[in-house]
Amino acid sequence: MLIDGDAKLLRIFVGESDKINGVPVYENIVLEARRVGLAGATVTKGIMGFGGSSRLHTAKILRLSEDMPLVIEIVDSVEKIENFIPVINAIFENANCGGLITVEKMQIIKYSADKK
Amino acid sequence: MLIDGDAKLLRIFVGESDKINGVPVYENIVLEARRVGLAGATVTKGIMGFGGSSRLHTAKILRLSEDMPLVIEIVDSVEKIENFIPVINAIFENANCGGLITVEKMQIIKYSADKK
Amino acid sequence: MLIDGDAKLLRIFVGESDKINGVPVYENIVLEARRVGLAGATVTKGIMGFGGSSRLHTAKILRLSEDMPLVIEIVDSVEKIENFIPVINAIFENANCGGLITVEKMQIIKYSADKK
């Protein structure tokens, strides 16, 4: 269980169309984060972007585009985040896709499990 | 009025379906942030995620889902952010919902009010 | 090419409706970021927010609203981010619009170009 204090924010930038055996890379990462007991994960979908390839992706040009940029955000203790990074690297290698992984220091003010 | 310099980024992770008397928690937080004069707030909706309960939420499984993860971001001076945290805690208690509140240091390079 | 290590996360909060000669400000910023060779950019669209003007924008009230808050995120080396800030300021001035620019320190764990 997470407690208040210093923690890390892990952010993973990945393409919506990157897949392993038909399963999106972002789904693989979120499911694996849940399996290993990380505190939570949130996936946000962009409306425009470009990455390592400099290919431009935009929802404006291609309304039904399924290759938008995604950001996965995971907050947990320093140790748990560090242990999870090799897991993401392995997923990227299996998918043969590129991606950007960043880590920031932050402070958890409050964390409480959903009461419902 | 915000000026250039050190500031804090407050991020609140909350579920879309959490409510107080029918009003979503995220709306309560944004309206309260405006009422107390914070510089701004932005709510982003995720497409997949899990939180304290480890329940998985995904727009893929449930296309019309109204229980997606949300992230509220508020940037302001260190003092104003610190004063706002008890307000969020009170909203969480009223809603009887869980949530994650994080704070990061950052630097404001430019802030200008909308000129229109 | 980005390598592992200290870097900066540049975040730009801007309105969807801000334009220069009919081209959205966020598009101007992303295209310029690509032109000058930054590592990548991702634009995320909010569902509710307010900024310097305290005008409230929400997708709930106005379903087809084209004035939602946007966040543009760019990760690159300290030097490249610093060099890009005057470019954004010039775009804001041309658009005669307000906006918030923030910078955070972070660490790049992995960056690899898209292999496809």
C:Ala39 modelled with pLDDT under 95, touching a Phe, Trp or Tyr at 6+ places or on another chain (Cβ under 7 Å) and of a type in the set (A, V, I, L, M): yes
Taking the stretch A:69-116, which residues are over 28 Å from C:Ile72 (Cβ atoms) and buried (at least 21 other Cβ atoms within 10 Å of the Cβ)? A:Tyr111
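Residues of the stretch B:70-84 being more than 19 Å from B:Gly15 (Cβ to Cβ) and β-branched (Val, Ile, Thr), which ones?
At the first step, the residues of the stretch B:70-84 found to be more than 19 Å from B:Gly15 (Cβ to Cβ) are B:75-84.
Hits for the stretch B:70-84 are B:Val75, B:Val78, B:Ile81.
Being facing chain A (nearest Cβ under 8 Å) and at pLDDT below 85 is the filter; apply it to the stretch B:42-57 and report the residue that is nearest to A:Ile29 (Cα to Cα).
Start the filter on the stretch B:42-57 by keeping residues that are facing chain A (nearest Cβ under 8 Å), which leaves B:44-56.
Pick out the ones that are also at pLDDT below 85 and you get B:51-56.
Working: B:Gly51: 14, B:Gly52: 17, B:Ser53: 18, B:Ser54: 14, B:Arg55: 15, B:Leu56: 13 Å.
This residue is B:Leu56.
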Which condition number in (1) touching a Lys or Arg at 6+ places or on another chain (Cβ under 6 Å); (2) at pLDDT 95 or above is the one that B:Met68 fails? (2)
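Here's the yes/no breakdown for (1) closer than 22 Å to A:Pro69 by Cβ; (2) within 7 Å of another protein chain (Cβ to nearest Cβ); (3) modelled with pLDDT under 95:
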position	(1), (2), (3)
C:Glu32	yes, no, no
C:Lys60	no, no, yes
C:Ser77	yes, no, yes
C:Asn89	no, yes, yes
C:Leu100	yes, yes, yes
C:Ile109	yes, yes, yes
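The values are calculated or read from the model by the stated rules, or taken from the named source; none is laboratory data. Just so you know, these numbers come straight off a predicted model, no measurement behind them. Virtual Cβ from ideal backbone geometry, glycine too; neighbours counted across all protein chains shown.
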